[in-house]
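Asks: Mind looking over this structure? Questions follow.
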Amino acid sequence: MPESRPAPFPFHLLSPPDPAALPLPRPVRPAEGVRLLRDAVYRVPEGGRPLTVDLWLPETAAAQPVPVVVFVHGGGWRAGRKDDPGPRFRDWEPGPFARLAQQGFGVACPQYRLSGEARYPAQSDDLAAALAWLHARAGELGLDTARTVLWGESAGGHLAALAALSSPAPGASATITGCVTWYAPTDLPNLGEDLPGEGRHHADDPCSREALLLGGPPGREREAARAASPVSHAGPGAPPFLLLHGTDDALVPARQSVRLAEALREHGHQPELRLIAGGNHLWVGLDDEEVRDCYLRTLDFARRCTRARGD
């Protein structure tokens, strides 16, 4: 009698499931008129942790799909939470994302790999994957990803600007119709030059946030720093930009936003550059009304950039 052999093991079962096919999280109601789907998996990088996105949506399905705001958190590419736009907003009730949903936007807040997990361009790759995932699942989420605005603060503003200035495959991802950056680094090779006094040695500091992102200080890894700088990618196809930066920023000088505005103007664009007098990083130094104004400017810009034809 021939010896029986076990059936081959189905190794495909060890592969992570396609995030585009996973069930969406059960929604909760964090504020009036808002439903929140927390921690939907949008990507599983090989050898890494699953990456998730929070989705803040209008509670009642609209007659038409709603425009999208994608918020990219800061933290020097080293830290940060996807649901945190900074300390000046942590006591807002309802919070900034819930308010956007109440105004008729879908809001996506994705995680991305931090510099302690992977070097650049992993962070940009993750954001691109989040935009593609949103587009793939737009129908069931009620989103119009042809009207998508990116909004990022600090390191998140850097990543948002890079994504806005990239060219994904047509029809495979969300279409970026606007980008908002708050106090974002945009020109890594020259970041040290923009810092005052002894800060100029920053370009050669192997422990700087930029060095940890790139795998070496920008002064040494100049080609990598240039490739990771939004100013290097400004071109004729850029969407509208709103650049907000405090004049007294001690971590990322306002000159960084000026540099991106100048690069965009060289290609015929008219970015909105607002230098906020007395503002430091994270809007430290501004009173509550000035912080609220930064948020309202962002909301107004998002409305203008996602206005449907005929509105």
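Asks: Using Cα pairs closer than 8 Å and at least 6 residues apart in sequence, work out the relative contact order for the chain, in percent. Numbers along the way, then the final one.
Replies: Numbers: 615 pairs, mean separation 45.1, N = 311.
The value is 14 percent.
Asks: Also, quick follow-up: Counting DSSP beta bridges in the stretch 39-167, what percent are antiparallel, to the nearest 5? Don't skip to the answer; put the middle values down first.
Replies: Working: 7 of 16 bridges.
That works out to approximately 45 percent antiparallel.
Asks: Right, another one. Given R₀ = 45 Å, what would the calculated FRET efficiency be for Glu59 paired with Phe9, taking r from the Cβ atoms and rounding to 0.05?
Replies: Numbers: r = 46 Å, r/R0 = 1.01.
Step by step, r from the Cβ atoms, then E = 0.50.
Asks: Measure off 7 Å from each Cα along the Cα-to-Cβ vector at Glu193 and Thr247, then give the distance between these two points in nanometres to one decimal.
Replies: 2.4 nm
Asks: Just from its helices, what would the mean residue ellipticity at 222 nm be for the chain, if runs of 4 or more DSSP H residues each count -39500 (n - 2.57) and the sum is divided by every residue, rounded to the nearest 500 deg cm²/dmol?
Replies: Numbers: 9 runs with 82 residues, N = 311.
Counting only the DSSP helices, I get -7500 deg cm²/dmol.
Asks: So for the pair Asp205, Asn280, with labels modelled 7 Å out along Cα→Cβ, what separation do we get in nm?
Replies: With each label placed 7 Å out from Cα toward Cβ, I get 1.5 nm.
Asks: Among DSSP beta bridges lying fully in the chain, give the percent that are antiparallel, nearest 5. Working shown, then result.
Replies: On the way: 13 of 37 bridges.
So the antiparallel bridges amount to about 35 percent of the total.
Asks: How big, in percent, is the set of alpha carbon pairs in the stretch 67-122 lying more than 18 Å apart?
Replies: Numbers: 619 of 1540 pairs.
Beyond 18 Å sits 40 percent of the P(r) for the stretch 67-122.
Asks: Once fully extended, how much extra length lies between Asp287 and Ala172, figured as 0.36 nm per residue of separation less the alpha-carbon to alpha-carbon distance?
Replies: Numbers: separation 115, 0.36 × 115 = 41.40 nm, distance 4.22 nm.
Extra length available between Asp287 and Ala172 comes to 37.2 nm.
Asks: For the stretch 65-156, build the charge dipole from Cβ charges (+1 Lys, Arg; -1 Asp, Glu) around the Cα centre, then report which of Ala155, His135, Gln103 sits farthest towards its positive end.
Replies: Ala155
Asks: Put one equal scatterer on each alpha carbon of the stretch 2-137, apply the Debye formula with no solvent term, and list log10 I(q)/I(0) at q = 0.19 1/Å to two decimals.
Replies: -1.15
Asks: Cα atoms only, the stretch 123-198: Rg and Dmax in Å?
Replies: 14.7, 53
Asks: How much length is gained if the chain between Glu223 and Glu32 is pulled fully straight, taking 0.36 nm per residue apart and subtracting their Cα-Cα distance, in nm to one decimal?
Replies: Working: separation 191, 0.36 × 191 = 68.76 nm, distance 4.86 nm.
63.9 nm is the gain from fully extending Glu223 to Glu32.
Asks: Another question about this same structure. Where does the charge balance sit around Leu213 when Lys and Arg score +1, Asp and Glu -1, over other residues with C-beta under 9 Å from its C-beta?
Replies: Values: positive: Arg78, Arg119, Arg209; negative: Glu210.
Within the 9 Å Cβ shell, the charges total +2.
Every number in this text was worked out from the coordinates using simple rules, so none of it is lab data. As the structure is a computational prediction, the values presented were derived from the model and not from experiment. Please note: Cβ atoms are built from the backbone with ideal geometry, for glycine as well, and neighbour counts cover all protein chains shown.
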